[in-house]
Amino acid sequence: MEVRLNTRAESVCIDGPAGRGRVTGVETAGGACIPADAVVCNADPLTAYASSLIPAPHRPRAFQDAATLDKIEPSTSAFVLLLGVRGDYPHLAHYNSFLPDDGNAEFTALFERGVPADDPVIGVTCQSATEPDCAPPGFSNLFMMTSPPALSSNFAWTEPETARYRERVLDLLETRCGLTGLRGRIVCEQVWTPRDFEQRYGAFRGSLYGISSNSWRSAFLRPPNRARGVSGLFFVGGGTHPGGGLPLVTLGGKIVAEAVIEAKNLPGPQK
Ligand SMILES: Cc1cc2nc3c(=O)[nH]c(=O)nc-3n(C[C@H](O)[C@H](O)[C@H](O)COP(=O)(O)OP(=O)(O)OC[C@H]3O[C@@H](n4cnc5c(N)ncnc54)[C@H](O)[C@@H]3O)c2cc1C
């Protein structure tokens, strides 16, 4: 088996007419086509259908054009601060959830106004609280996350918007979460916005869990693991069946491995 790291898949090569296609390989960034009779796509199906990854004639009607894709409601995204800080905060456990006084205001911001909440739930993981080797002696490592909506024209995560939101969250960490003097103790930092999740990982509009599961249809009828109309093409990951989040994504990997074995009549795993 050969593993090619840092190699972007540009396009799935498909032979045959629309609705009755068959995969023949994958074209990578350098233009080389790697022949294959089964292709498992870990990119979000919505991103795959919206980009050059799946050639237009082979996209299902529901995902064929930008206007249709625009109507799909994605799940929420994330704003993340990764902080290395001097000293420690003894009141922090490994995982901490800090709730605002008015929880309903966050739902109104996310689902009615489509913008990040001004006073959101903040999750803070302090890994060094339970695993001291994860930070140098005398320092702590913090992962801080809030859940803004996926990218939209309501909030585009431009540099000034991101800088303002970072300041707001640092204010809340210092006051509501008790991380006093945090700003002065930061020695290294990374900021991740929905735009990063879209650009680095191909997440559809930066959403973490694919299509929003806010209706029974979108929860139970997710884009299928076997691509419609293209034999040999499979989807795996949070954007497809059975859904997002690590337990479901892992289960999806098993389902797709079994589907490939069955479709290609391959020997199953050794028991
Ligand atoms: C900050 C954050 C916190 C989270 N917290 C939790 C949690 O607490 N519990 C939980 O269960 N879930 C959590 N999740 C969600 C969970 O991480 C995702 O549901 C899961 O990782 C999705 O798996 P995936 O395989 O679909 O996507 P990914 O893990 O994003 O993998 C997709 C891979 O495909 C690659 N790719 C995409 N397009 C191409 C291309 N064209 N060519 C080559 N490679 C490509 C990407 O680079 C990426 O490596 C969290 C996610 C984030 C971002």
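FYI, it's all coordinate maths here, none of it is from the lab. Predicted, not measured: the structure shown is a model, and the values here were computed from it. Reconstructed Cβ throughout: ideal geometry from the backbone, glycine too, with neighbour counts over all protein chains shown.
Listed highest first by mean packing, meaning other Cβ atoms within 10 Å per residue, what order do 218-224, 1-7 come in?
In decreasing order of mean packing, 218-224, 1-7 become 218-224, 1-7.
Working from the pairwise distances between different alpha carbons, so that the mean of 1/r is found and then inverted, what is the range 79-201's Kirkwood radius in Å?
For the range 79-201, the Kirkwood estimate is 15.1 Å.
What are the trypsin sites (Lys or Arg not before Pro) within the range 195-265 that DSSP puts in a loop, where the Cβ has at most 16 other Cβ atoms within 10 Å?
Arg228, Lys264
Using Cα pairs closer than 8 Å and at least 6 residues apart in sequence, work out the relative contact order for the range 79-201, in percent.
37 percent
Calculate how large, on average over all directions, the projected area of the Cα convex hull of the chain is; give the answer in nm² to one decimal.
Reported value for the Cα convex hull: 17.8 nm².
Taking the Cα-to-Cβ direction at Arg183 and at Val3 and moving 7 Å from each Cα, how far apart do the two end points lie in nm?
So the label points at Arg183 and Val3 sit 4.3 nm apart.
Full extension from Val80 to Arg20: what is 0.36 nm times the residue separation minus their Cα-Cα distance, to one decimal in nm?
17.3 nm
Taking the Cα centre of each part, how many Å lie between the range 248-271 and the range 173-209?
Cα centres, the range 248-271 to the range 173-209: 36 Å.
Restricting to DSSP loop positions (anything but H, G, I, E, B) with no more than 15 other Cβ atoms inside 10 Å of their own Cβ, which trypsin sites (Lys or Arg not before Pro) remain in the range 45-105?
Lys71
What does the helix-only formula give at 222 nm for the chain: each DSSP H stretch with n ≥ 4 adding -39500 (n - 2.57), the total divided by the residues, and the result rounded to the nearest 500 deg cm²/dmol?
Counting only the DSSP helices, I get -7000 deg cm²/dmol.
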